[in-house]
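Remarks on the structure that follows.
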Amino acid sequence: MSHEGIRLVSAEEARRAPETELPREMVTPAKVRVQQSTGEGLEIEWKDGHRSRWSFVWLRDACPCATCHEEREAQGRKPGEGKVKPASLLPMYQAPARPESASPVGNYAISFKWNDGHASGIYSWDYLRRHCVCEECVRDSR
Ligand SMILES: [Zn+2]
Ligand SMILES: [Zn+2]
């Protein structure tokens, strides 16, 4: 009997993410759309023709700043994975994450000022491409 199907990736394994350099066309956006008015998310069309789309909620939970990164590590969450709220508590209403503004950082990243006031995350193109959540990439990363 095989248990492979239910094997959970340990935090150790998650940290061992391959840090091989990606080809330049893969991490260079051809078009970047911040769908701020509709609140939908961020869409990037890459030079290699791939398209990525993330919801703002996902991006907020994937904030790459040191504080958010450490908090995720401590809780064993992957980038984009929401905080687990104790089931015993009634859910408190919290406005869904949405950027008040988005600005380019050099030519290698984008940063958001979130509606909860947080603004220290710098989302590099490399980071975003590595965390593409399209069906194809999600399947490949499993
Ligand atoms: Zn952060
Ligand atoms: Zn993808």
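The values are calculated or read from the model by the stated rules, or taken from the named source; none is laboratory data. Bear in mind that the values here come from a model prediction, so they are computed numbers and not experimental data. Cβ atoms come from the backbone with ideal geometry, glycine included; neighbour counts cover every protein chain shown.
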Quiz item: Is one or more of the residues making up the stretch 41-55 away from ligand 2 (no atom under 16 Å from the Cβ) and surrounded by 15 or more Cβ atoms within 10 Å (Cβ to Cβ)?
Solution: no
Quiz item: Scanning for something within 16 Å of ligand 1 (Cβ to nearest atom) and surrounded by 15 or more Cβ atoms within 10 Å (Cβ to Cβ), does the stretch 67-74 turn up at least one residue?
Solution: yes
Practice problem: Out of the residues in the stretch 94-120 that are among the small types (Gly, Ala, Ser), within 14 Å of ligand 1 (Cβ to nearest atom) and not in a strand (DSSP E or B), state the one that is nearest to GLN36 (Cα to Cα). | Solution: ALA97
Self-check item: Which listed residue, of GLU135, GLU71, GLU81, GLU100, is closer than 26 Å to HIS50 by Cα and touching a Lys or Arg at 6+ places or on another chain (Cβ under 9 Å)
Solution: GLU81
Self-check item: Number of positions in the stretch 91-142 that are in contact with a helix residue (DSSP H, G or I) (Cβ under 7 Å, 6 or more places away or on another chain) and of a type in the set (A, V, I, L, M)
Solution: 3
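Residue by residue, here is whether (1) closer than 16 Å to MET26 by Cα; (2) polar (S, T, N, Q); (3) in contact with a Pro (Cβ under 6 Å, 6 or more places away or on another chain) holds:
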{"residue": "GLU43", "(1), (2), (3)": "yes, no, no"}
{"residue": "ASP48", "(1), (2), (3)": "yes, no, no"}
{"residue": "THR67", "(1), (2), (3)": "no, yes, no"}
{"residue": "GLU73", "(1), (2), (3)": "no, no, no"}
{"residue": "ALA95", "(1), (2), (3)": "no, no, no"}
{"residue": "ASN107", "(1), (2), (3)": "yes, yes, no"}
{"residue": "ARG130", "(1), (2), (3)": "yes, no, no"}
{"residue": "CYS137", "(1), (2), (3)": "yes, no, no"}
Exercise. Output the residues belonging to the stretch 36-52 that are modelled with pLDDT of 95 or more and within 17 Å of the chain's Cα centre (by Cα).
Key: GLY41, LEU42, GLU43, ILE44, GLU45, TRP46, HIS50, ARG51, SER52
Self-check item: Flag if GLU135 is within 16 Å of ligand 2 (Cβ to nearest atom), under 15 Å from the mean Cα position of the chain (by Cα) and loosely packed, with under 11 Cβ neighbours inside 10 Å
Solution: yes
Quiz item: Would the stretch 54-64 turn up any residue that is touching a strand residue (DSSP E or B) at 6+ places or on another chain (Cβ under 7 Å), at pLDDT 95 or above, among the aliphatic types (A, V, I, L, M) and within 15 Å of ligand 1 (Cβ to nearest atom)?
Solution: yes
